[in-house]
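Asks: The structure is given below, and queries will be raised subsequently.
The values are calculated or read from the model by the stated rules, or taken from the named source; none is laboratory data. Worth saying up front: this structure is predicted, and the values here are computed from it rather than measured. Please note: Cβ atoms are built from the backbone with ideal geometry, for glycine as well, and neighbour counts cover all protein chains shown. Accessible surface is based on the protein model in full, side chains and every heavy atom, while ligands, DNA and RNA are left aside. Shrake-Rupley method; radii C 1.70, N 1.55, O 1.52, S 1.80 Å.
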Amino acid sequence: MRFASIASSSSGNCLYVGDDNTHILIDAGISYKNIEAGLRQLDLQISDIDAILITHEHSDHIKGLGVLERKCEIPIYASQGTIEGILNTPSLGKFNYDCLKSLRDLSEFNIKSLNIKPHEISHDANEPVCYSVNDDKKKMAVVTDLGIYTDKLIEELGKLDFILCEANHDVRMLQLGPYTYSLKQRILSDKGHLSNENSGRFISRLLNDDFNSIMLGHLSDHNNMPDLAYEAVKVEISMSDTKYDGLDFPIYVAKKNEISNIINI
């Protein structure tokens with residue numbers, strides 16, 4: 001199983017996970033052209049994609065979905081609340097809504113050789129989820145857009161080999177930055193986004209001896225910097241009450257508009 005970030009930031013997200021037989025996108029929050037270009041760097045075409053998993057209906061996760069669906073009619077999996085949000089997004093235009101597959105009870109399902117499990121998260125969307133993916137040997141997760149993490153989520157995610165985790169903002173940058181007071185409060189709320197420090201604390205709860213690597217994603221365009229996110233998460237891991245140090249695992253930071261390293265999990 002392998003993973004790559006095609007784009008990851010507060011302005012657009014699209015991630016790839018797959019193996020030799022199965023190819024999946026998680027979110028489609030960038031243009032069709034940019035998705036196509038990212039897949040080309042992975043030696044893939046849009047026609048190779050077996051499914052798209054949508055985490056929630058905010059624009060930075062679905063804005064390329066309409067064009068993508070009209071061209072390719074790829075099955076789209078999302079919670080029922082997210083589907084309703086997609087259907088109520090006029091900017092997506094018309095596409096084949098028969099391709100929308102509702103995850104009504106958030107139970108595990110298969111896409112060819114990969115097993116997918118949606119997990120409920122706290123965010124200000126209709127019914128947001130994150131996803132874990134396994135191939136019966138290795139397990140990874142993509143966890144972004146959550147204001148808080150819970151013991152239940154940590155238990156459900158279980159023993160991971162890799163995670164892309166949100167490190168959205170540096171709290172001081174956010175507090176001193178240009179956003180309105182109400183937007184700052186939204187981001188800092190339990191239905192907002194994880195700060196760099198909270199991302200590190202969350203990741204620390206998930207670490208195990210078999211962890212492959214960590215990737216930080218969904219960084220704010222205005223309230224964070226890659227070096228800040230990296231250092232804060234590394235420090236939180238080192239300061240945690242686990243046996244792990246922040247240098248024990250490779251930590252990557254996903255770029256806004258560039259494909260990441262390919263992670264072989």
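Asks: Can you tell me which of 11, 47 is surrounded by fewer than 20 Cβ atoms within 10 Å (Cβ to Cβ) and within 15 Å of the chain's Cα centre (by Cα)?
Replies: Only one candidate passes the filter, namely 11.
Asks: Could you check how many residues of the range 209-239 are open to solvent by 20 Å² or more (accessible area, probe 1.4 Å), touching a residue at least 40 places away in the same chain (Cβ under 8 Å) and of a type in the set (S, T, N, Q)?
Replies: Looking only at that region, the number is 1.
Asks: Filter the range 45-64 down to the residues that are over 16 Å from residue 106 (Cα atoms) and not polar (S, T, N, Q) and list them by number.
Replies: Answer for the range 45-64, where residues must be over 16 Å from residue 106 (Cα atoms) and not polar (S, T, N, Q): 46, 48, 49, 50, 51, 57, 58, 60, 61, 62, 63, 64.
Asks: Can you go through 156, 127 and tell me which one is closer than 26 Å to residue 10 by Cβ, open to solvent by 10 Å² or more (accessible area, probe 1.4 Å), touching a residue at least 12 places away in the same chain (Cβ under 8 Å) and not in a loop (DSSP other than H, G, I, E, B)?
Replies: 156 is the lone residue from the list that is closer than 26 Å to residue 10 by Cβ, open to solvent by 10 Å² or more (accessible area, probe 1.4 Å), touching a residue at least 12 places away in the same chain (Cβ under 8 Å) and not in a loop (DSSP other than H, G, I, E, B).
Asks: Now, a different point. Would you mind finding the one in 151, 135, 161 that is open to solvent by less than 60 Å² (accessible area, probe 1.4 Å) and more than 17 Å from the chain's Cα centre (by Cα)?
Replies: Within the list 151, 135, 161, the selection yields 135.
Asks: Read through the list (1) surrounded by 16 or more Cβ atoms within 10 Å (Cβ to Cβ); (2) out of contact with any Ser or Thr (no Cβ under 9 Å at 6 or more places or on another chain); (3) not in a helix (DSSP H, G or I), then give the number of the only condition that residue 260 fails.
Replies: Result: residue 260 passes all but (2).
Asks: Here's another thing I want to ask about it. Of all residues in the range 74-90 being over 21 Å from residue 145 (Cα atoms) and under 22 Å from the mean Cα position of the chain (by Cα), which is surrounded by the fewest Cβ atoms within 10 Å (Cβ to Cβ)?
Replies: Filtering the range 74-90 for residues that are over 21 Å from residue 145 (Cα atoms) and under 22 Å from the mean Cα position of the chain (by Cα), the one surrounded by the fewest Cβ atoms within 10 Å (Cβ to Cβ) comes out as 75.
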